[in-house]
Amino acid sequence: MPSQTGIPANSFHLVSEESAGYAQLGSTTGIGSINGAQHFVYRPVQTLSVASKFELGDPVNPVSRVTTTQNVGDFDTFGFVKKSTVSALDGSSTLTESAYWHETTGKWLLGRLAASRVTKNYGGASTTKTSAFAYRSSDGLLVKEVVEPKDLPDGFADGTAPSGYNPVATLPSEITAPHGGHPGGVEKTYSLDNFGNTTAA
């Protein structure tokens, strides 16, 4: 059986390509010390992602390209993304802003999404969708979703939901349809057993 010692370079065709960029958040002090010296935790974060697809025979002009960007200031102190922008070749873009619960650090229940605001832009027009979420304090499991809540936390400024913000108690569903109607089903509540299984929704 003949053996293949090499593959001609021109037998490969670029059909997709991905690249990424990174930065570093400010260092924080670690727990304890090494040989009497305090050690630090360095936190790299991804600030850029570009995914492109090409037609066979044309590795220069992509048929699609999705670019995701976050600045260093768009991450909270735990490294969760507060703001992210996704843009495409057709000129459309999607901005996602998020606020998180970090109140149960003792149980390492970090990064529970408290609220999200997604703004889509295309051709000079934009649409915005907001959502809020509540969790069971004992284990951090999701117990309620509210679409288009009446109010959102001020935490969009720093990505952290304030301690007094509680969608279960203070965020009734409120959404207006394009023609003035009021669609139902914008609020969903989950009942969980002691093992975290959903027993009702």
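The values are calculated or read from the model by the stated rules, or taken from the named source; none is laboratory data. None of these values were measured; they are calculated from a predicted model. Here Cβ is always computed from backbone atoms with ideal geometry, including for glycine, and neighbour counts include all displayed protein chains.
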TODO: Determine if region 107-130 includes at least one residue that is closer than 24 Å to Val41 by Cβ, loosely packed, with under 15 Cβ neighbours inside 10 Å and modelled with pLDDT under 70.
DONE: no
Open item on the list: Exactly one of these conditions fails for Thr176: (1) at pLDDT below 80; (2) within 28 Å of Ser87 (Cβ to Cβ). Give me its number.
Closed with: (2)
Open item on the list: Test of understanding: among Val72, Val63, Val86, which residue is loosely packed, with under 12 Cβ neighbours inside 10 Å and free of Cβ contacts under 8 Å to residues at least 40 places away in the same chain?
Closed with: Val63
Task: Among the candidates Gly21, Gly32, Gly6, residue that is surrounded by 10 or more Cβ atoms within 10 Å (Cβ to Cβ), outside the structural domain of Ser84 (by TED's automatic domain parsing) and either modelled with pLDDT under 70 or outside any loop (DSSP other than H, G, I, E, B) (or both) - done: Gly21
- [ ] Quick one: count up the residues across region 131-158 that are at pLDDT 80 or above and within 16 Å of the chain's Cα centre (by Cα).
- [x] 3
Task: Subset of region 92-133 (residues that are closer than 18 Å to Phe80 by Cα and in contact with a Pro (Cβ under 7 Å, 6 or more places away or on another chain)) - done: Ala99, Ala114, Ala115, Ala132, Phe133
